[in-house]
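Here's the structure, in structure tokens; my notes come after.
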Amino acid sequence: MARLSQDDARPVMRFSAARRSDMLVMAGGLLIAALFLFLDVRPLPILLWDESRNIVNALEMDRSGFGLVTTYRGAPDLWNTKPPLLIWLMVASVRLFGESEWALRLPGMIATLGTLTIVMLFVRRITGSAWTAVLAALLLAASPGLFGEHGARTADYDSLLIFFSTAYLLLLFGAVHRRRPAGKTLALIGLCVVGAILTKSVAGVIPCLGVGLYLLLIRRVPRLWQSRGYAATGVAVAGAVALFLLVREIGNPGYLLASWHNDVGGRFTESLIGDRKPAAFYLSILWAGYVAAPLLLVLAPVALTQTSGRARAALLYSLSVCVTLLLVISLAASKLHHYVLPALPFMAIAAAITLRAIILRLIAAHAAGDPRHRIRAIAVLLVGLFSLFSAAQSAVARRYLIDPPYEGANAARYGALFDRLAAQPRPIMVVDPGFVRDEDRHYTPVLLAYRLLWQGRGVPIGWATALDSGAPAGIGVIASCDPDIVALLQKRGRDIGGVAGCAAIVRR
């Protein structure tokens, strides 16, 4: 084999050094994003919707053994009818690391880091700029939708859903630009689609509708049937999902009907979460700062006229995914903030490519020496930089300075209360009536999640719905974080818990 001369080796060495430099830049960006997302001064309590239910499902499965049927209070769960992939991962995590809030949230945290990584790698490949790739990841991490309720720091479905949907959409971007995509690529796409569906049912396939809009815009729809690989992948995905549904229905008859109502038909035809929200609900929360740097998204259509090649294609693709997803979820009767989360990675990609296009336009205007073009470019750049500054300021404030108003905040205090009471030797009885949810007259999923966690640590904690019923005989501790019960307990004895909003007294 011929050896490279020194002159031939220099470009290879420069390329290798540049690649190492890019990897270091992106690794640094990922580290900053991870520290921002997961380094908590104030630990996040278990949240009411839907984290507490997932935690109960996972802890009960951990004690009963892996299975397809999730349970709540020992009975098959036909309210939380999402497939069990996330629950399986949570069970695996607590078996590896022990039962704790941190272990239960670990699968979602890993999924979020995976999403940030593939977003960076995609943007770096498309634009050739490691700094643009880092910007996309940081914009995603700085989006309050990602680090807030239902996001990266909770044991909710959405982090895992975002990972799988982002992965298969980015893979599809490469596939649709080839006449005959590789079989391995299609197989990986199929696995990610199945993963998304087994994470959050039909929500796993809604993001892929944007691919159809993109193909329509670039006039390449026929490519979907020019290759048999797409049809084979679709059949394989449908077969895998159908097999799961069949086995799940056999294991728990009634599941299919409940799942259709909870996850598909009910969500689109009627509001399952109270009053209907307006059609512009998602646009309003995005503009209010649910996504970082919304101004850059407003400028994205302008950036389409200033970019070319793969960067323009990626920008158009990202906007197609975002617009289609927003349209579908806006048409649904049930509207919740976190339904828009799968669009956030593509909003971050679009925003980063847009800012890059603005900067390149400014450089070109400066090189051309045309003062009018230069003034326009500077004005647009200032808007972009203001958007970045506002995004950073908002992210820091919402992440570290502002306590968000979580629904079910009273029940979320039980973790701190049990931590204070666990060391004392008396039996503990919690009095909390909960609230009415459908047929359950005393719904207390957050309290149940904390009780299961502490029972796993050897601290049995009883539960009663009224103050004078079910109390243990003899000496014991009566505790509550329900405001009405707390007021009564404070009249009966001295608080030994020391947790604001709760009370615990010794009953003799």
Next item on the list: Test each condition in (1) farther than 25 Å from residue 245 by Cα; (2) out of contact with any Ser or Thr (no Cβ under 8 Å at 6 or more places or on another chain); (3) modelled with pLDDT under 95; (4) not acidic (Asp, Glu) for residue 47 and report the one that comes out false.
Entry: (2)
Notebook entry, point to check: Hey, among 365, 391, 343, 412, which residue is in a helix (DSSP H, G or I), touching a His at 6+ places or on another chain (Cβ under 7 Å), surrounded by 15 or more Cβ atoms within 10 Å (Cβ to Cβ) and in contact (Cβ under 8 Å) with a residue 12 or more places away in the chain?
Noted result: 365
Note to self: Against the definition (more than 23 Å from residue 166 (Cβ to Cβ) and either not assigned by TED's automatic domain parsing to the domain that holds residue 188 or not in a helix (DSSP H, G or I) (or both)), how does residue 276 come out, yes or no?
What the structure shows: yes
Next item on the list: Could you tell me which residue of region 302-340 is surrounded by the most Cβ atoms within 10 Å (Cβ to Cβ), considering only residues that are of a type in the set (Val, Ile, Thr) and in a helix (DSSP H, G or I)?
Entry: 321
Note to self: So residue 233 passes all but one of these: (1) touching a residue at least 40 places away in the same chain (Cβ under 8 Å); (2) within 30 Å of residue 67 (Cβ to Cβ); (3) touching a Ser or Thr at 6+ places or on another chain (Cβ under 8 Å); (4) not aromatic (Phe, Trp, Tyr). Which condition number does it fail?
What the structure shows: (3)
Next item on the list: State which residue is surrounded by the most Cβ atoms within 10 Å (Cβ to Cβ) when the search covers only region 188-229 and only residues that are closer than 19 Å to residue 243 by Cβ and among the hydroxyl-bearing types (Ser, Thr, Tyr).
Entry: 199
Next item on the list: Run residue 392 past the list (1) within 20 Å of residue 104 (Cα to Cα); (2) in the same structural domain as residue 80 (by TED's automatic domain parsing) and report the number of the one that doesn't hold.
Entry: (1)
Margin query: Among the residues in region 246-261, are any of a type in the set (Gly, Ala, Ser) and within 28 Å of the chain's Cα centre (by Cα)?
Written below: yes
Check: Restricting attention to region 122-135, does a residue exist that is of a type in the set (Val, Ile, Thr), crowded, with 19+ Cβ neighbours inside 10 Å and closer than 30 Å to residue 245 by Cα?
Finding: no
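Within region 142-175, count every residue that is in a loop (DSSP other than H, G, I, E, B), under 19 Å from residue 102 (Cβ atoms) and not polar (S, T, N, Q).
Filtering region 142-175 for residues in a loop (DSSP other than H, G, I, E, B) gives 142-143, 148-157.
Cutting the leftovers down to under 19 Å from residue 102 (Cβ atoms) gives us 148-157.
Subset that is not polar (S, T, N, Q): 148-153, 155-157.
Total satisfying the criteria: 9.
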Next item on the list: Filter region 418-471 down to residues that are among the charged types (D, E, K, R), assigned to a loop (DSSP other than H, G, I, E, B) and in contact (Cβ under 8 Å) with a residue 60 or more places away in the chain, then give me how many there are.
Entry: 3
Note to self: Which count do you get for residues in region 246-262 that are part of a helix (DSSP H, G or I) and either surrounded by fewer than 17 Cβ atoms within 10 Å (Cβ to Cβ) or modelled with pLDDT of 90 or more (or both)?
What the structure shows: 11
Next item on the list: Return the total of residues in region 172-184 being within 26 Å of residue 107 (Cα to Cα) and crowded, with 21+ Cβ neighbours inside 10 Å.
Entry: 1
Checklist line | Residues that are in a loop (DSSP other than H, G, I, E, B) and either in contact with a Lys or Arg (Cβ under 8 Å, 6 or more places away or on another chain) or under 12 Å from residue 420 (Cβ atoms) (or both), drawn from region 475-508 | finding: 475, 481, 493, 495, 496, 497, 498, 499, 500, 501, 502
Notebook entry, point to check: residue 426 fails exactly one of the following numbered conditions: (1) within 24 Å of residue 63 (Cα to Cα); (2) of a type in the set (D, E, K, R); (3) in contact with a Gly (Cβ under 9 Å, 6 or more places away or on another chain). What is the number of that condition?
Noted result: (1)
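The values are calculated or read from the model by the stated rules, or taken from the named source; none is laboratory data. This is a predicted model, so every value here is computed, not measured. Quick reminder, even Gly has a Cβ in these numbers, built from the backbone with ideal geometry, and neighbours come from all protein chains shown.
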